[in-house]
Each structure stands twice: as structure tokens, then as C-alpha cells.
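So the structure is just underneath, and the comments pick up after that.
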Amino acid sequence: MKELDQLKAWIAESSNIVFFGGAGVSTESGIPDFRSVDGLYNQQYDYPPETIISHSFYKRNPEEFYRFYKSRMIFREARPNAAHRALARLEEAGKLKAVITQNIDGLHQAAGSREVLELHGSVHRNYCTRCGEFYGLDAVMAQEGVPRCRCGGIIKPDVVLYEEGLDQKTMEKAVYYIGHADVLIIGGTSLTVYPAAGLIHYYHGNKLVLVNKSVTPMDSQADLVVSGKIGEIFARIAETEE
Ligand code: NAD
């Protein structure tokens with residue numbers, strides 16, 4: 001594929017690559033995204049997922065929130081795929097500066113990536129809303145229904161729900177990395193969830209690459225569009241890097 005060869009060449013030449021990804025990066029690890037045909041938004045529930053995973057719904061109905069969250073958004077058996085692994089290797093080789101992700105699954109860190117900016121938080125961090133005590137995912141999953149702290153307070157995942165703001169420091173770092181990147185690879189995101197999707201506008205270079213299995217609203221603005229499954233594409237990139 002001509003496009004893949006171009007991407008390989010840009011990766012080979014650069015030591016200032018930044019990756020910005022979304023749910024599509026983890027579908028090949030068995031975690032459904034939101035907007036694909038087999039994604040969460042196309043399955044049937046009593047409420048639309050956007051409603052359940054909103055701040056107001058969480059406050060109003062934590063039982064239903066946690067029922068959905070634990071059964072549909074936590075995939076403890078998921079392991080990093082070739083895309084996560086290749087990105088970690090590129091960082092290790094001094095070529096990639098940061099992974100900026102909208103994912104909450106922790107798979108980039110599991111693959112060995114160190115500079116990971118989690119725009120939407122992580123299921124692996126959880127806090128008591130009363131006393132602030134920290135809990136890992138095990139503690140949340142071990143309890144039936146709404147998880148409670150030793151103090152009696154409700155434990156909330158450190159995940160950005162709809163209606164909640166993004167962490168300002170994380171956003172600023174993401175803007176910095178993207179603003180200074182030589183090659184920006186954007187993969188597995190529909191680029192429809194703001195403000196994260198707006199980050200693309202901070203890139204000033206001429207090597208903006210979109211990797212997706214379907215078209216995105218930004219395809220026309222990219223310097224290179226590589227169509228296909230991101231795990232398979234990065235597996236082929238990793239072959240060349242070896
Ligand atoms: P999205 O569901 O809106 O879009 C996913 C995109 O990835 C689509 O464009 C789809 O075509 C593409 N895609 C799916 N599988 C792919 C593959 N194997 N290779 C290449 N492309 C693939 O996801 P989004 O843009 O990240 O935004 C939705 C929100 O979903 C984010 O805020 C994120 O927090 C949340 N989310 C996270 C996870 C996770 O942590 N793994 C899972 C579901 C949703």
C-alpha cells in the first residue's frame with residue numbers, strides 16, 4: 001500500500017512523533033468503541049449511553065450508572081494489541097514524544113508507554129467523593145452495585161463523564177505536544193467528541209496522518225489517510241522498525 005509506505009518513511013525520518021487516539025485503538029483488544037456498528041451506541045438499553053454516562057445521571061441514579069459502567073465499559077481481560085505495543089516501542093526508541101488518548105482503559109501503559117496523556121481519565125483510578133481515598137479497579141469491581149469507601153462515601157471513577165470538564169493541565173500538555181510535533185498520527189477516533197477532537201487544530205506541521213477503518217470528518221484536512229485496522233497497520237510498521 002502506497003499510503004502505508006509513506007507513513008513508514010515519515011516515521012523512519014522523524015524523532016518527534018505524537019500519537020492522538022481514541023476508542024478504535026482498543027477494538028482489536030476486544031473493547032467495543034462507541035460509534036461503530038457493533039459499538040456501544042448501537043446496542044439497546046433503557047437509556048441512551050450518552051445519558052447514562054453523564055454527570056447528572058451518575059448523581060441521580062448511581063445504581064444504574066454502575067450497572068452499565070461495570071458490565072459495558074470494564075474489560076479486565078483486554079490486553080494491548082499491536083498498535084499499543086508499536087507505539088510503546090517508538091517511544092522507547094526516542095522517536096515518539098507522547099501518546100494522547102481519549103481512552104480510559106490503561107492499555108497504552110500496559111504496553112509500556114510512559115508519556116500517556118489520558119484526556120478522559122482512567123478506570124484504574126477511583127476516588128471516594130467524601131474523603132478522597134484512592135481505590136484501584138479491583139476495589140470497585142469487588143463490591144456489588146455502587147462501590148463505597150471505608151468512610152461510607154461513594155467511590156467515583158476518575159473518568160470524565162459527559163457534562164464534566166477535562167483536566168486543564170492535561171489539555172495544556174496535549175496542546176504543547178501537538179503544537180510542537182513533526183508527525184502527528186491520529187488513529188481510531190471518530191473526531192466527534194469535543195473538546196478533545198479540537199486538538200487537531202493545534203498542529204502546524206505538514207505530516208498529519210489519519211489512520212481509521214472508516215472515513216472521518218477530518219480526512220480532507222489530512223496530509224495522509226491510511227485506511228484499515230490500526231492494529232494490523234501498526235503490526236506492519238513494527239516489522240520495518242525491527
Ligand atoms: P468513537 O467510538 O466515536 O470512534 C471510534 C473510531 O474508531 C471510529 O471512527 C471507527 O471507525 C474507528 N475504529 C474502530 N475500530 C478501529 C480499528 N480497529 N482500526 C481503525 N479504526 C477503528 O470513539 P472516540 O472517537 O474515541 O470517542 C468516543 C469516546 O469513547 C471517547 O471519549 C472515549 O473516552 C470513549 N471510549 C473509550 C473506550 C476505551 O477506553 N477503550 C471505549 C469506548 C469509548
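Bear in mind these aren't lab numbers, they're just calculated from the coordinates by the rules spelled out. This one's a predicted model, so the numbers in the text were calculated from it and none came from an experiment. Neighbour counts run over all protein chains shown; Cβ positions are idealised from the backbone, glycine included.
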Q | the stretch 71-88 - phi-based ³J(HN,Hα) in whole Hz, Karplus 6.51/-1.76/1.60, Gly and Pro as x | A | 8, 10, 10, 10, 10, 6, 7, 5, 10, x, 9, 4, 5, 4, 5, 5, 5, 5
**Q.** Relative contact order, percent, the stretch 81-206 [alpha-carbon distance under 8 Å, six or more residues apart]
**A.** 19
Q. Once phi is turned into ³J(HN,Hα) by the Karplus curve 6.51 cos²θ - 1.76 cosθ + 1.60 with θ = phi - 60°, what whole-Hz value does each residue of the stretch 132-140 show in order, with x for glycine and proline?
A. x, 4, 8, 9, x, 5, 4, 5, 5
Q: Report the chymotrypsin sites (Phe, Trp or Tyr not before Pro) located in the stretch 57-115 that are in a DSSP loop and have at most 15 other Cβ atoms inside 10 Å of their Cβ, or state none.
A: 75
Q) So in the chain, what percent of DSSP beta bridges are antiparallel if you round to the nearest 5? A) 25
Q: For residue 137 and residue 182, compute 0.36 nm times the residue count separating them, minus their Cα-Cα distance, and round to one decimal in nm.
A: 12.6 nm
Q | trypsin sites (Lys or Arg not before Pro) lying in DSSP loop within the stretch 75-167, provided at most 13 other Cβ fall within 10 Å | A | 76, 114, 130, 150
**Q.** Computed [θ] at 222 nm, helices only, for the chain once each DSSP H run of length n ≥ 4 contributes -39500 (n - 2.57)
**A.** -9500 deg cm²/dmol
Q.
Run the numbers for residue 235 and residue 93: contour at 0.36 nm per residue of separation, minus the present Cα-Cα distance, in nm.
A. 49.5 nm
Q | Sequence-distant lysines (8 or more away, or on other chains) whose Cα lies within less than 22 Å of residue 8 | A | 95, 97, 207, 213, 229
Q | Other-chain or far-sequence residues with amide H under 5 Å of residue 96's (modelled H) | A | 17, 91
**Q.** Built amide H within the under 5 Å cut-off of residue 159, gap 5+
**A.** 122
**Q.** Relative contact order computed over the stretch 135-242 (Cα-Cα under 8 Å; 6+ residues apart), in percent
**A.** 17
Q: Report Rg/Rh for the chain, rounded to two decimals, where Rg is the Cα radius of gyration and Rh the Kirkwood radius.
A: 0.98
Q. Whose amide H sits under 5 Å from the amide H of residue 21, counting only residues 5 or more places off or on another chain, with H placed in the peptide plane?
A. 100, 101, 102, 187
**Q.** Spin-label zone in the stretch 80-102 - amide nitrogen under 14 Å from a point set 7 Å from the Cα of residue 125 along the C-beta vector
**A.** 101-102
Q: Quick one: what are the phi-derived ³J(HN,Hα) couplings along the stretch 191-196, Karplus 6.51/-1.76/1.60 with θ = phi - 60°, whole Hz, x for glycine and proline?
A: 6, 10, 9, 9, x, 4
